[in-house]
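One structure is given here, and the rest of the page talks about it.
The values are calculated or read from the model by the stated rules, or taken from the named source; none is laboratory data. Keep in mind the model is a prediction, meaning the values are calculated, not measured. Cβ placement follows ideal geometry from the backbone for every residue including glycine, while neighbour counts extend to all protein chains displayed.
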Amino acid sequence: MTAYAIAHLHDVDFCADVVEYLERIDETLAPYQGRFIIHGAGPDVLEDEWRGNFIVIAFPTIASSHGS
């Protein structure tokens with residue numbers, strides 16, 4: 001069964017280290033067969049306001065999401 005990692009990022013300081021990580025993030029997911037479903041997309045907000053970015057990563061199994 002597919003497992004999902006979900007994150008809500010806000011107030012991120014895009015310093016050199018973060019930029020380098022983002023440039024290499026696909027390499028970190030590859031061994032676990034992870035893939036982005038949503039990455040940095042802004043939602044269509046119906047009420048109130050939304051700050052930040054929404055990220056969803058899919059893995060083929062729960063074990064692969066834990067690196068097993």
| field | Whichever residue in segment 31-53 is surrounded by 10 or more Cβ atoms within 10 Å (Cβ to Cβ) and modelled with pLDDT of 85 or more and, among such residues, is farthest from residue 2 (Cα to Cα) | value | 38
| said: Name the residue that is nearest to residue 26 (Cα to Cα), counting only residues in segment 43-68 that are assigned to a loop (DSSP other than H, G, I, E, B) and among the β-branched types (Val, Ile, Thr). | reply: 61
| said: Of the conditions (1) within 18 Å of residue 65 (Cβ to Cβ); (2) in contact with a Phe, Trp or Tyr (Cβ under 6 Å, 6 or more places away or on another chain); (3) not acidic (Asp, Glu), residue 39 satisfies every one except a single condition; which number is it? | reply: (2)
| task | State the number of residues belonging to segment 8-22 that are modelled with pLDDT of 85 or more and either within 19 Å of residue 68 (Cα to Cα) or not aliphatic (A, V, I, L, M) (or both). | result | 4
| task | Would you check which residues across segment 6-20 are surrounded by 11 or more Cβ atoms within 10 Å (Cβ to Cβ) and either free of Cβ contacts under 8 Å to residues at least 40 places away in the same chain or not in a strand (DSSP E or B) (or both) and list them? | result | 18
